1. Can you pull out the residues in the stretch 61-80 that are of a type in the set (Val, Ile, Thr) and open to solvent by less than 40 Å² (accessible area, probe 1.4 Å)?
2. Got a sec? Which of VAL82, VAL29 is over 11 Å from the mean Cα position of the chain (by Cα), at pLDDT 75 or above and of a type in the set (Val, Ile, Thr)?
3. In the stretch 46-60, what count of residues is obtained for those that are at pLDDT 75 or above and either under 27 Å from ASN84 (Cβ atoms) or not in a helix (DSSP H, G or I) (or both)?
4. Give just the number: which of (1) closer than 21 Å to ASN84 by Cβ; (2) under 9 Å from the mean Cα position of the chain (by Cα); (3) at pLDDT below 80 does SER72 not satisfy?
Amino acid sequence: MGIIAWILIGLIAGFIAKAIMPGKDPGGVIITILIGIAGGLLGGFLGKVIFGVDSIDGFFEISTWIAAIIGSVILLAIYRLVTNNRRHA
């Protein structure tokens with residue numbers, strides 16, 4: 001997949017991750033896109049390592065979207081932990 005496809009998947013996966021985990025986050029659309037893109041890569045890597053499947057197959061494959069969303073939720077949770085610790089320190 002090309003970079004435009006990853007940005008589009010990242011944008012959508014990041015928004016879905018925010019919908020799954022609502023709350024106030026510092027950052028905006030750019031952070032959401034970056035978390036989504038990185039989440040897609042993380043989800044694909046974890047899918048390959050843990051389950052032995054190639055989760056990043058193509059733009060229209062459901063496994064690609066599930067991996068991107070799960071990875072985005074994981075990264076959003078980590079992002080919230082890190083930024084909340086900085087605010088309280």
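1. Restricting attention to the stretch 61-80, the residues satisfying the condition of being of a type in the set (Val, Ile, Thr) are 62, 64, 66, 69-70, 73-74, 78.
Hits for the stretch 61-80 are THR64, ILE69, VAL73.
2. On the way: VAL29 fails: at pLDDT 75 or above.
Of the residues listed, the single one that is over 11 Å from the mean Cα position of the chain (by Cα), at pLDDT 75 or above and of a type in the set (Val, Ile, Thr) is VAL82.
3. 1
4. (3)
The values are calculated or read from the model by the stated rules, or taken from the named source; none is laboratory data. On a predicted model such as this, the values are computed, not experimentally measured, just so you know. We place every Cβ from the backbone using ideal geometry, glycine too, and count neighbours over all the protein chains shown. Ligands, DNA and RNA are excluded from the accessible area calculation, which covers all protein heavy atoms including side chains. Shrake-Rupley method; radii C 1.70, N 1.55, O 1.52, S 1.80 Å.
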